[in-house]
1. Quickly run through the stretch 9-55 and pick out the residues that are more than 10 Å from the ligand (Cβ to nearest atom), outside any strand (DSSP E or B) and touching a strand residue (DSSP E or B) at 6+ places or on another chain (Cβ under 8 Å).
2. Tell me which strands (runs of 3 or more DSSP E) are completely within the stretch 107-178 and hold 2 or more residues being in contact with a Gly (Cβ under 7 Å, 6 or more places away or on another chain), more than 26 Å from Ala79 (Cα to Cα) and away from the ligand (no atom under 11 Å from the Cβ), or say none if there are none.
3. Any residue in the stretch 182-205 that is farther than 21 Å from Val90 by Cα and not β-branched (Val, Ile, Thr)?
4. Checking the conditions here, which among Thr142, Thr178, Thr204 is polar (S, T, N, Q) and surrounded by 20 or more Cβ atoms within 10 Å (Cβ to Cβ)?
5. Can you find a residue in the stretch 78-98 that is within 16 Å of the ligand (Cβ to nearest atom) and free of Cβ contacts under 8 Å to residues at least 40 places away in the same chain?
6. Working carefully through the options Glu133, Glu180, find the one that is without any contact (Cβ under 8 Å) to a residue 40 or more places away in the chain, over 21 Å from Pro87 (Cα atoms) and of a type outside the set (Lys, Arg).
7. Residues of the stretch 56-74 being touching a strand residue (DSSP E or B) at 6+ places or on another chain (Cβ under 8 Å) and of a type in the set (Phe, Trp, Tyr), which ones?
8. Would you mind stating whether Val82 is surrounded by 15 or more Cβ atoms within 10 Å (Cβ to Cβ), in a strand (DSSP E or B) and not assigned by TED's automatic domain parsing to the domain that holds Gly182?
Amino acid sequence: MPPLPDATPVVVLVSGSGTNLQALIDACDDPAYGVRIVAVGADRPGIAGLERAEHAGIPTFVLSVGDFASRDAWDAALADQVAAHAPELVVLAGFMKLTGPAFLARFGGRTLNAHPALSPAFPGMHGPRDALEHGVKITGATLFVVDAGVDTGPIVAQVAVPVLDDDSVDTLHERIKTSERGMLVEWVGRLARDGYSIDGRRVTSPQKKEAP
Ligand code: GRF
């Protein structure tokens, strides 16, 4: 069934395989989920994430940093493209670029990102590798509201994942991603349906409506 007309419009940005995006697309099959993915954007062409969107009939756009005179010009164009779809929320689902000042001026406070580590530990591009090398026994994934830092924004939700003795970076990251997808689907839906507030670093969402 299609989402209800009052479902929250969401733009998702991707850079890679798009398994997090797929989990959101699948969740939207249930109208009670309360989310409509109105567009999927990417910073590079030819990725599986874009194919997943096209397969689901969702409009896509690509803005490569290299096609712009500067990083700021790319950031402003990204903000314009996202704004053209009038989302209430933006979800960075494996989007491997930092959004900049122009983007945050328009979408700050309503852009979510998932990071494959338990923030504030192991920010940056290599969360699973850094956790494994540090020898932690528990890592996980963090959903947060994007701010100007690298994986530093106010935390919406976290999920813990054990590190096993025989883990490689890949096996650990895959196990994290399984939990990350569940957290992302649960919380994007919850924030969309019930709203949320941010007080300093604390994000709260009253559970008003029944989850599907
Ligand atoms: C996720 O673990 C995300 O947190 C990280 O990159 C991965 C993206 O996976 N930034 P996918 O493209 O959704 O499959």
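1. Matches in the stretch 9-55: Ile25, Ala27, Cys28, Gly34, Asp43, Arg44, Pro45, Leu50, Ala53, Glu54.
2. Values: elements: 111-115, 138-145, 155-162.
Those strands (runs of 3 or more DSSP E) span 155-162.
3. Applying the first criterion (farther than 21 Å from Val90 by Cα) to the stretch 182-205 yields none.
There is no residue in the stretch 182-205 that is farther than 21 Å from Val90 by Cα and not β-branched (Val, Ile, Thr).
4. Numbers: Thr178 fails: surrounded by 20 or more Cβ atoms within 10 Å (Cβ to Cβ); Thr204 fails: surrounded by 20 or more Cβ atoms within 10 Å (Cβ to Cβ).
Unique residue meeting the criteria: Thr142.
5. Quick first cut of the stretch 78-98, residues within 16 Å of the ligand (Cβ to nearest atom) only: 90-98.
Now restrict to residues that are free of Cβ contacts under 8 Å to residues at least 40 places away in the same chain: none.
Checked against the condition, which is being within 16 Å of the ligand (Cβ to nearest atom) and free of Cβ contacts under 8 Å to residues at least 40 places away in the same chain, the stretch 78-98 yields no hits at all.
6. Values: Glu180 fails: without any contact (Cβ under 8 Å) to a residue 40 or more places away in the chain.
On inspection, the qualifying residue turns out to be Glu133.
7. Residue satisfying the conditions is Phe61 alone.
8. Numbers: surrounded by 15 or more Cβ atoms within 10 Å (Cβ to Cβ): yes; in a strand (DSSP E or B): no; not assigned by TED's automatic domain parsing to the domain that holds Gly182: yes.
Judged against the criteria, Val82 is not a match.
The values are calculated or read from the model by the stated rules, or taken from the named source; none is laboratory data. Fair warning: this is a prediction, and the values are worked out from it, not measured in the lab. Every residue, glycine among them, receives a Cβ derived from its backbone with ideal geometry; neighbour counts consider all protein chains shown.
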